[in-house]
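**Q** Sharing a structure here in structure tokens format.
The values are calculated or read from the model by the stated rules, or taken from the named source; none is laboratory data. The model shown is predicted, which means the values in this text are computed figures rather than measured ones. Here the Cβ positions follow ideal geometry from the backbone for every residue, glycine too, while neighbour counts run over all protein chains shown. Ligands, DNA and RNA are excluded from the accessible area calculation, which covers all protein heavy atoms including side chains. Shrake-Rupley method; radii C 1.70, N 1.55, O 1.52, S 1.80 Å.
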Amino acid sequence: MKSYRKELWFETKSRREYINITPDVEECINESGIKEGMVLVNAMHITASVFINDDESGLLHDFEVWLEKLAPEKPHSQYKHNGFEDNADGHLKRSIMGREVVVAVTEGQLDFGPWEQIFYGEFDGKRRKRVLVKIIGE
Amino acid sequence: MKSYRKELWFETKSRREYINITPDVEECINESGIKEGMVLVNAMHITASVFINDDESGLLHDFEVWLEKLAPEKPHSQYKHNGFEDNADGHLKRSIMGREVVVAVTEGQLDFGPWEQIFYGEFDGKRRKRVLVKIIGE
Amino acid sequence: MKSYRKELWFETKSRREYINITPDVEECINESGIKEGMVLVNAMHITASVFINDDESGLLHDFEVWLEKLAPEKPHSQYKHNGFEDNADGHLKRSIMGREVVVAVTEGQLDFGPWEQIFYGEFDGKRRKRVLVKIIGE
């Protein structure tokens with residue numbers, strides 16, 4: 001069994017942002033030399049998410065509006081976590097969108113359906129944060 | 001390390017539907033000959049879900065009502081994604097229910113608690129769509 | 001490839017509770033002798049969750065309030081599942097928080113960001129329930 005590990009770093013300009021990281025993960029698979037296995041891609045921070053969905057700007061806008069409805073940022077005082085911080089909503093938003101994805105690696109490629117794309121979802125940005133890519137297989 | 005891959009195909013009669021696919025996944029494990037490892041089961045489409053819960057008709061009804069409350073289908077015009085499509089709600093519903101499950105394979109079986117069942121959750125059906133089963137182990 | 005399996009048992013005093021199980025999972029990794037691989041940690045019951053977030057009491061309180069807003073326990077009669085049971089809300093809450101986490105094992109350790117902690121989330125407690133830890137790797 002082979003294994004491979006890489007960290008991807010991000011620093012978004014706004015508090016919330018969605019970044020398509022599919023090409024970065026594909027590059028990791030190429031570097032790993034692994035042909036059959038699984039790749040885990042996870043946020044290493046607890047106010048960020050890695051998820052799979054469509055790379056369509058209307059939909060990404062819909063996510064922003066919808067997540068603000070289900071877990072609004074403001075008023076900050078509505079959350080007990082926000083004593084010294086203001087990012088409780090980011091913890092909740094990431095709980096809906098998920099911390100990680102596991103994707104099959106087949107014949108040295110991401111084994112994807114027609115529209116699947118991997119996103120880094122940032123819910124408390126403007127600072128350096130990381131995603132972990134771990135691949136195991138042969 | 002061994003690996004195994006299979007696609008399961010579905011075409012539901014209604015827009016939303018839940019299908020218990022546990023027997024299909026068990027058959028994949030048998031075919032693979034893998035005794036110890038992990039099985040990944042994921043929707044290959046971004047308006048569908050694979051999740052684990054109870055196979056109880058009342059609960060499946062509750063999921064339908066609850067998801068419609070959290071991410072209503074209509075009016076279609078409430079979502080920017082719905083310019084040429086009408087399935088934005090399916091993208092959101094699947095985000096709550098999850099794209100994939102990873103299940104342990106132990107002694108050649110799904111390593112499950114007493115009531116765990118694997119479901120395909122369709123949120124934009126009436127067309128052919130796929131689930132991927134990937135197993136790695138020995 | 002090596003594999004390792006262990007069940008962790010819980011019996012909470014209240015209906016809902018969050019328990020930090022990071023030390024238990026670390027002990028499993030030590031016992032397994034696996035240095036590079038992946039660990040799957042999943043609830044074996046369908047009204048419980050395993051998730052990763054911050055071990056901060058204010059945030060855990062926020063989760064309780066927020067999940068009660070998105071999937072309220074009462075009135076029990078609002079859910080069809082609650083004919084002979086009263087735990088439909090637990091099935092819904094666990095759907096938001098997730099059944100499982102997959103974490104990279106690197107150099108014999110949980111490969112974690114600075115604040116990541118693994119929690120058992122109980123949504124229908126006061127009885128003995130289990131979490132499965134399965135590790136594969138080398």
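**Q** Please count how many residues of region B:1-26 are in contact with a helix residue (DSSP H, G or I) (Cβ under 6 Å, 6 or more places away or on another chain) and either open to solvent by less than 50 Å² (accessible area, probe 1.4 Å) or closer than 21 Å to C:H81 by Cβ (or both).
**A** Of the residues in that region, 3 qualify.
**Q** Among the residues of region A:116-133 satisfying the criterion of being open to solvent by 10 Å² or more (accessible area, probe 1.4 Å) and within 20 Å of A:V39 (Cβ to Cβ), which is nearest to the other protein chains (Cβ to nearest Cβ)?
**A** The extreme case among them is A:R130.
**Q** Just to be sure I understand, how many residues within region B:126-138 are more than 23 Å from C:L40 (Cβ to Cβ) and in contact with a Gly (Cβ under 9 Å, 6 or more places away or on another chain)?
**A** Residues in region B:126-138 being more than 23 Å from C:L40 (Cβ to Cβ) and in contact with a Gly (Cβ under 9 Å, 6 or more places away or on another chain): 2 in total.
**Q** What helices (runs of 4 or more DSSP H), lying completely within region A:22-138, carry at least 1 residues that are over 22 Å from C:D111 (Cα atoms) and at pLDDT below 95?
**A** none
**Q** Of the conditions (1) within 16 Å of the chain's Cα centre (by Cα); (2) open to solvent by less than 10 Å² (accessible area, probe 1.4 Å); (3) away from chain B (no Cβ under 12 Å); (4) farther than 21 Å from B:D54 by Cβ, C:I29 satisfies every one except a single condition; which number is it?
**A** (1)
**Q** While we're looking at this one, here's another question. I'm checking my understanding of the structure. Among residues of region B:102-115 that are crowded, with 22+ Cβ neighbours inside 10 Å and either more than 7 Å from every other protein chain (Cβ to nearest Cβ) or not hydrophobic (A, V, I, L, M, F, W, C) (or both), which one is farthest from B:M44 (Cα to Cα)?
**A** The residue in question is B:V105.
**Q** Looking at region B:53-69, which of its residues are within 8 Å of another protein chain (Cβ to nearest Cβ), touching a residue at least 24 places away in the same chain (Cβ under 8 Å) and open to solvent by less than 10 Å² (accessible area, probe 1.4 Å)?
**A** Hits for region B:53-69 are B:N53, B:F63.
**Q** If you don't mind, there's one more thing I want to ask. In region C:70-101, which residue that is of a type in the set (S, T, N, Q) and under 19 Å from the mean Cα position of the chain (by Cα) is surrounded by the fewest Cβ atoms within 10 Å (Cβ to Cβ)?
**A** Within region C:70-101, the match that is surrounded by the fewest Cβ atoms within 10 Å (Cβ to Cβ) is C:N87.
**Q** Within region C:34-49, identify whether any single residue is touching a residue at least 24 places away in the same chain (Cβ under 8 Å), open to solvent by less than 10 Å² (accessible area, probe 1.4 Å) and under 17 Å from A:H91 (Cβ atoms), and answer yes or no.
**A** Yes, there is a match, as at least one residue in region C:34-49 is touching a residue at least 24 places away in the same chain (Cβ under 8 Å), open to solvent by less than 10 Å² (accessible area, probe 1.4 Å) and under 17 Å from A:H91 (Cβ atoms).
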